[in-house]
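Colleague: Take a look at this one; I'll ask things after.
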Amino acid sequence: MQLYKNQTLRVHNSLSGKKEVFEPINAGYVGMYVCGPTVYSNVHLGNCRTFMSFDMIFRYLKHLGYKVRYVRNITDAGHLENDADEGEDKIAKKAKLEKIEPMEVVQRYTVDFHNTLQKFNLLPPSIEPTATGHIIEQIEIIKEILTKGYAYEVNGSVYFDVVKFNEHNEYGKLSGRKLEDMIANTRELTAQDEKRNPQDFALWKKAEPQHIMRWPSPWGDGFPGWHLECTAMSTKYLGEHFDIHGGGMDLKFPHHECEIAQAEASTGKSPVKYWLHANMLTLNGKKMSKSTGNNIYPAEIISGENDILSKAYAPSVVRFFMMQAHYTSILDLSDDALQASEKGYQRLMEAMGSLERLKTADKSDFDVKTWRKNCYDAMNDDFNTPVLIAHLFDAVKHINLIKEAKEKIAKEDKALLQDTMHAFVYDVLGIENQSAGKDDSKVLDGVMELLIELRNRARANKDFDTSDKIRDELNALGVQIKDGKDGTTFSIN
Ligand SMILES: [Zn+2]
């Protein structure tokens, strides 16, 4: 199925600041790179939102029939505590604190990351490379940038020369900054600084004797700068010029700006055709932050163990909540908002169940073809999931009217409606029907109540044949009936 041939998808390209028609470099194929987590702590809910947004984009591109290679890396070295190339490596610091090996830190939080994303039903990427697995590739790029004259070595460290690069290229074009303004707004370098300009960034850092994570290089033992790994891994798996690069809005500067500079300096090519950025998640109207306590972890939403929540929420409710906002808008999470999403989610799931059982007629009162086109139009408009969801609820309204025999639907239209609802709800939005179990238990309670009443009636009428039969057959099924002071109860083995 190559749906994409009939669809015009537009995406918001951060590089141009405009919505552009999406035309992949190689017809039918899409290469997409998304910056993954630095695995030194449990994954943030805000990061989950970013990865969920790109999961939805990955799913929609696949749904349209593209062959997508989705690369999302794991940062397991090189990410320092601040963006000015100073401070400790985040993973090494945690390892020291907990008296374990850095790779134990990496393992623990990579597992947590995968488990969390799996709960929210994210598809695994096609390739999930690690920074430490690509040290050789990173060293090769540094050599290339040095040869081209856009980097310099000082005391075993190598820095990217932003001022030199800016003479022939445009540093700051992604984030809309001008190098002159940046220079005007920064402090002067001191004599101890190794950099020529404050804007320069590390490609390779010399490892001090106490630094555990270190590799040999032509410049001595050290470790790569954080920005470099993404250039190395995206180039290796997607080529020097690829379709989509995604990440959180906060990575636009300096991380993505540096990625562009590194790639252009080493290959002479612009690395990415479409830059996509997902917006952040706030909590009760404020930025999430561990230090102020305005923070919530994914596991706490699922268990309900956080003071801001009145209850636990199913992962699919959280996912549905996230999909109700456009990926480029700020989304605010609160207990009220989650409760509203839970109601909407249940209504949608109930309608999905009713849809299967709808009786068909010789004609339709619901124009399914137009409605289906509206759904695609919404997604083709820069993956507009809130508008798509509004259309899905339009279908819910019709499903309920047909169920109540107030409207009719023809057989072909019902099939098309089922097809489209399944595709958008389950395949594209990635929502699962997690209320199915709950509904079953309600049904079981009702059936048992009925059986117990029939048995009690039989006993009252001294019809012990019937009452014993009910008890014995239930027993055989593993259901025990117990008569107590407050009436009859049941339990299941
Ligand atoms: Zn990156």
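The values are calculated or read from the model by the stated rules, or taken from the named source; none is laboratory data. Keep in mind that what you see is a predicted model, and the values were worked out from it rather than measured. Cβ placement follows ideal geometry from the backbone for every residue including glycine, while neighbour counts extend to all protein chains displayed. Just the protein is used for accessible areas: all its heavy atoms, side chains included, with ligands, DNA and RNA removed. Shrake-Rupley method; radii C 1.70, N 1.55, O 1.52, S 1.80 Å.
Colleague: Considering only DSSP states other than H, G, I, E and B, which trypsin sites (Lys or Arg not before Pro) in the stretch 317-401 qualify as loop sites with at most 16 other Cβ atoms within 10 Å?
Modeller: Details: sites: Arg319, Lys343, Arg347, Arg357, Lys359, Lys363, Lys369, Arg372, Lys373, Lys397; in loops: Lys359, Lys363.
Here the trypsin sites (Lys or Arg not before Pro) that fit, given the DSSP loop and packing criteria, are Lys359, Lys363.
Colleague: For the stretch 132-194, just say rounded, prolate or oblate: build the C-alpha gyration tensor, square-root its eigenvalues into a ≥ b ≥ c, call rounded for a/c under 1.5, and beyond that prolate if a/b exceeds b/c, oblate if not.
Modeller: oblate
Colleague: Could you state, as a whole-number percent, how many of the C-alpha pairs of the stretch 222-271 are farther apart than 12 Å? Numbers along the way, then the final one.
Modeller: Working: 759 of 1225 pairs.
Counting every Cα pair in the stretch 222-271, those more than 12 Å apart make up 62 percent.
Colleague: Let me ask something else about it. For the stretch 154-260, just say rounded, prolate or oblate: build the C-alpha gyration tensor, square-root its eigenvalues into a ≥ b ≥ c, call rounded for a/c under 1.5, and beyond that prolate if a/b exceeds b/c, oblate if not.
Modeller: Oblate.
Colleague: Of the cross-linked pairs Lys19/Lys363; Lys67/Lys94; Lys164/Lys273, which ones have a Cα-Cα span greater than 29 Å in the structure shown?
Modeller: Lys19/Lys363; Lys67/Lys94
Colleague: Enter the angle in degrees (range 0 to 90, nearest 10) between the Cα long axis of helix 226-238 and the first principal axis of the Cα atoms of the chain, meaning the one along which they spread out most.
Modeller: 70
Colleague: If you take all C-alpha pairs in the stretch 222-346, what percent of them are over 26 Å apart? Don't skip to the end; give the middle numbers.
Modeller: On the way: 3228 of 7750 pairs.
For the stretch 222-346, the fraction of Cα-Cα distances above 26 Å is 42 percent.
Colleague: Share of Cα-Cα pairs in the stretch 278-391 beyond 18 Å, in percent?
Modeller: Summing the P(r) tail past 18 Å for the stretch 278-391 gives 61 percent.
Colleague: Taking just the alpha carbons, could you work out the radius of gyration and Dmax for the stretch 14-63, both in angstroms?
Modeller: Rg then Dmax for the stretch 14-63, in Å: 13.9, 40.
Colleague: Across the Cα atoms of the stretch 1-133, what radius of gyration and what greatest pairwise Cα-Cα distance (Dmax) are found, in Å?
Modeller: Radius of gyration, then largest Cα-Cα span, for the stretch 1-133: 17.6, 57 Å.
Colleague: If you don't mind, another one. Quick one: 3J(HN,Hα) in Hz for the stretch 452-466, Karplus 6.51/-1.76/1.60 with θ = phi - 60°, rounded, Gly and Pro as x.
Modeller: 5, 5, 4, 5, 5, 5, 4, 5, 4, 8, 6, 8, 5, 3, 5
Colleague: Further, regarding this structure: Filter the trypsin sites (Lys or Arg not before Pro) in the stretch 141-234 to those in DSSP coil with at most 12 other Cβ atoms within 10 Å of their Cβ, and list the result.
Modeller: Arg187
Colleague: Which semi-axes, in whole Å and largest first, does the equivalent ellipsoid of the stretch 40-94 have when worked out from the alpha carbon gyration tensor as the square roots of 5 times its eigenvalues?
Modeller: After scaling each eigenvalue by five and taking roots: 31, 12, 9 Å.
Colleague: Over the chain, give the accessible area per residue in Å² for a 1.4 Å probe, as an integer.
Modeller: Here the per-residue accessible area is 48 Å².
Colleague: Quick one: angle between helix 368-380 and the longest Cα principal axis of the chain, in degrees between 0 and 90, rounded to 10, please.
Modeller: With rounding to tens, the tilt is 30 degrees.
Colleague: To the nearest 20 debye, what is the magnitude of the charge dipole of the stretch 203-261 about its Cα centre, counting +1 on the Cβ of each Lys and Arg and -1 on the Cβ of each Asp and Glu?
Modeller: Working: 5 positive and 8 negative charges, 43 e Å.
Once rounded to the nearest 20, the dipole reads 200 debye.
Colleague: A follow-up question, please. Any chance you could get the radius of gyration and Dmax over the Cα atoms of the stretch 63-193, in Å?
Modeller: 19.2, 57
Colleague: Going through the cross-link list Lys99/Lys119; Lys62/Lys99; Lys119/Lys206; Lys62/Lys286, which pairs have a Cα-Cα distance over 32 Å in this structure?
Modeller: Over 32 Å Cα-Cα: Lys62/Lys99; Lys119/Lys206; Lys62/Lys286.
Colleague: Something else: Could you run the Karplus curve 6.51 cos²θ - 1.76 cosθ + 1.60 with θ = phi - 60° over the stretch 418-433 and give me ³J(HN,Hα) per residue in whole Hz, x for Gly and Pro?
Modeller: Using θ = phi - 60°, the values come out as 4, 4, 6, 4, 4, 4, 6, 6, 8, 7, 8, 6, x, 8, 10, 7 Hz.
Colleague: Report, to two decimal places, the Cα Rg of the stretch 363-493 normalised by 2.2 N^0.38 Å (N = number of residues).
Modeller: Here the answer is 1.68, to two decimals.
Colleague: Based on the inverse mean of 1/r over its pairs of different Cα atoms, what is the Kirkwood hydrodynamic radius of the chain, in Å?
Modeller: 26.1
Colleague: Setting aside same-chain residues fewer than 8 positions from Lys482, which lysines have a Cα under 29 Å from its Cα?
Modeller: Lys438, Lys442, Lys462, Lys469
Colleague: Could I ask something else about it? Shape of the stretch 307-360 from its Cα gyration tensor (a ≥ b ≥ c, root eigenvalues): rounded if a/c is under 1.5, otherwise prolate when a/b > b/c, or oblate? Could you put the intermediate results ahead of the total?
Modeller: On the way: a/c = 3.51, a/b = 1.78, b/c = 1.98.
In terms of gyration-tensor shape, oblate.
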